[in-house]
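Only one structure is covered here, and it is reproduced in the block below.
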Amino acid sequence: MSFRVAIVIGQLSYGGAERQVSLLARGLVAAGWPATVICLSGDLEPFGVELEQAGVPLRLVPRSRHYEPGRVLRLASLLRAEKVELIHSHLESANIYSYLARPLAGRPAFIPSVRTRSLKTGLFEGALIGRSLKAGDYIHANCLAAARTFAERYRIALTRFRVIHNGVNPFPETGREAKKAARQELGIPQGRLVVANLSKDSPDKNIPAFLRLVRSLSSRLGNLTALVAGQGLDSSYAGREKVAAAGGPEILFLGPLRDVRPVFAAADLFVLTSIREGLPNVIMEAMVSGLPVVSYAVGGVGELVEDGVSGRLVPYGDEEGLFEAALGLLQDSALAQTLGAAGRRRMLEHFSMEKTVSGATEMYLEVHRKRQHG
């Protein structure tokens, strides 16, 4: 059994939620569900383009400013035209617009989604977020940490939340030849130690802490290259931060990448220094590549990484602990390989995209049954 689902999101540019919407929509369509993605802006690169290339129906409700009543009416009209029976919205803006448009669209079933992030909002926006969540048949959380955060903030029973973890597609495990080829592609000498971070130029991603770490590691080990990739992390960032100081580590700022696999293949270690996270796709992708991971234990990271088993976790802000964990794995290649292999197994067994799609469709059917029976 399936019915018409609209996946609503504010934009489809680079971002973890946007990547998950693309993966989920493609998975639903492949499973025979009549799913449509509705984007509340014209920001479609890269995931909107990816959806269109995959043949997933994509509809746009362009914006001229952040919140505008006309966009509510256009979204409601589109939902009616598409005969949508269930709205699955992602992130606060889409949750609010879907909540406001729903009464004008025949009141289809409604599942807003949450991820852990900064919850600094004005009174009006905060009230709308709370109302949108409370109006949901269920609330989809991508990790238990997100469910607990929003349940406490908006005084919603935790039983209203359904935790469906992000999924990851199985990257090929990196072998010796793949590592060699990736390093050649990036211009990295074969004998160097390589540490990677993929994120974006945002205060929450805490890139300065990563740069301090690689400087400390370089001072101890010498033979080190750091890879930094993501939106805003290009040559302009390097110049602004003056990180390419004489005598410091080699740091390659690669900017946003459509294909991140060469970065994982080239690296010996992945380190995430974020202040806040939900269930970061980038850690999942590093782990499924077989790359050992060191991260601050924020948000849902602890739901992915088992400390000492499939990676290393450090309390947020403990830069000395972060250094010791990273140094230990760079100096012990056998341990690094063991943790990397365990991380890959964990992703393949528990965090596959098939599990995410299956969890979503089970949630949809549960909502459908509940509404049918009263």
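Observations on the structure shown:
- Flag if TYR138 is under 27 Å from MET347 (Cα atoms), of a type in the set (Phe, Trp, Tyr) and either at pLDDT 95 or above or touching a helix residue (DSSP H, G or I) at 6+ places or on another chain (Cβ under 8 Å) (or both): yes
- Filter pass, ALA196 being modelled with pLDDT of 95 or more and assigned by TED's automatic domain parsing to the domain that holds GLN331: yes
- Set side by side, the residues ALA81, ALA94 differ, and just one is buried (at least 22 other Cβ atoms within 10 Å of the Cβ), in the same structural domain as ARG59 (by TED's automatic domain parsing) and within 14 Å of ALA6 (Cα to Cα), which is ALA94.
- Any chance VAL309 is over 12 Å from ASP268 (Cβ atoms) and crowded, with 21+ Cβ neighbours inside 10 Å: no
- Residue ranges of helices (runs of 4 or more DSSP H) in the stretch 308-374 with at least 2 members in the same structural domain as TYR296 (by TED's automatic domain parsing) and under 21 Å from ARG220 (Cα atoms): 319-331, 333-350
- Tabulated pairs, the stretch 190-219, first of a type in the set (A, V, I, L, M, F, W, C), second surrounded by fewer than 16 Cβ atoms within 10 Å (Cβ to Cβ) and assigned to a loop (DSSP other than H, G, I, E, B), C-beta under 7 angstrom, 6+ apart or interchain: LEU193/ASN223
- Checking each residue in the stretch 322-344 for being surrounded by fewer than 17 Cβ atoms within 10 Å (Cβ to Cβ) and within 22 Å of PRO170 (Cα to Cα) picks out GLN337, THR338, ALA341.
- As a summary of the residue check, GLN20 satisfies the conditions (1) in contact with a Gly (Cβ under 8 Å, 6 or more places away or on another chain); (2) over 23 Å from GLN231 (Cα atoms) except for the one numbered (2).
- Strands (runs of 3 or more DSSP E) completely within the stretch 1-94 that count 2 or more residues being farther than 16 Å from ILE111 by Cα: 58-60
The values are calculated or read from the model by the stated rules, or taken from the named source; none is laboratory data. Source: prediction; values computed, not measured. Note: ideal-geometry Cβ built from the backbone for every residue, glycine included; neighbour counts use all protein chains shown.
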